[in-house]
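Data block below; observations after.
What follows draws every value from the coordinates through simple rules; no lab data is involved. Every value quoted in this text rests on a predicted model; they were computed, and no experiment measured them. Here the Cβ positions follow ideal geometry from the backbone for every residue, glycine too, while neighbour counts run over all protein chains shown.
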Amino acid sequence: MRWPTLAVLVVLAVVAGVGVATWRGSGPLPDPEGCSATLAGRTVDLSPEQARNATLIAALGVRRGLPARAVSIALATAYQESKIVNIDYGDRDSLGLFQQRPSQGWGTREQILDEYYAIDRFYDALEKIDGYQTMRITEAAQLVQRSGFPEAYEDHAADARALASVLTGYSPGGLFSCVVREPEEPGSVTRTARALQRGFGPLDAAPIGSRRALDVRVGDDEAGRRLGWAVAQFTTAHAGRLAVSEVTYAGKRWRPGSDSEDGWTEARSSDPTTVVVRLG
């Protein structure tokens, strides 16, 4: 009877240990890693990779001063062409987020597989289409892509509109959140600032004293608030790679680990003109 009793005790100890680790935020998360955006009763779920690419599509749209409609068209196209994943294969020589083809003048294989390049090239082509802002999403996408399935992009239009509105900051903030594991090591302020500026362009970003934190000043007008939420939500989507330990903005706070399952929560104090990113 001793051995069964001992086995039961060992199992109970292991279960208790896992429970404590999870409660502390250092163990496995009950929810899988991923992100979601919710707007007007519609929820769009994304894998970590999809979320990073979707927020990058939004960031480059913001950087270029494009309307949210352009971001919607880009997102619907990426949904249809690659499921918003930067794949290195496709029909004939198609590649990347938008399945752009080197043989059709989109760039070299290496260039197209660079997400920043591919997104900018898509926007370059979209901006040449007169009146794309008022077209159906699938019509504008088709004029860029010239697909054999011209109506296919409309299947993703509703999700793309919701994502674009949230990720560009046009809808109330905090509607996009990610479940991310606790970082194992502190992140880099320099690397995080570089990632944000590569996405959004020049930002008023600076380290906070000697602490491992970054201040991104965005202003308190409507454009500043939109930029603030775009930056804050971009940072949560990239938190796993950047090892972000906390993001605060406009009275809201997001943290990785078990806290990330609660999304954005109330912060005791937060400067409405500044996004604060902590990195350990």
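Compute, for the chain, the length of the dipole vector about the Cα centre, with Cβ point charges of +1 (Lys, Arg) and -1 (Asp, Glu) only. Units Debye, rounded to 20.
Values: 31 positive and 34 negative charges, 114 e Å.
About 540 debye.
Could you line up D220, D124 from fewest to most neighbouring Cβ atoms inside 10 Å? Mind showing how you got there, number by number?
Working: D220 14, D124 11.
If I rank by nearby Cβ atoms, fewest first, I get D124, D220.
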Normalised Cα Rg of the stretch 181-278, dividing by 2.2 N^0.38 Å with N its residue count, works out at 0.98
Residues K252, K128 in order from fewest to most other beta-carbon atoms within 10 Å are K128, K252
CD proxy, 222 nm, the chain: helix-only mean residue ellipticity via -39,500 (n - 2.57) per DSSP H run with n ≥ 4, per residue, nearest 500, stands at -13500 deg cm²/dmol
Quotient of Cα radius of gyration and Kirkwood radius for the chain, i.e. Rg/Rh, equals 1.05
Result row for the chain, helices from DSSP H with C-alpha axial extent 20 Å or more and mean Kyte hydropathy at least -1.0, is 2-24, 48-63, 68-82, 222-237
The size of the Cβ-based charge dipole (Lys, Arg +1; Asp, Glu -1) of the stretch 111-207 about the Cα centre, to the nearest 20 debye, is 160 debye
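Starting with the highest mean, order 159-170, 197-208 by the number of other Cβ atoms within 10 Å, averaged over the residues of each peptide.
The densest-packed peptide leads the list: 159-170, 197-208.
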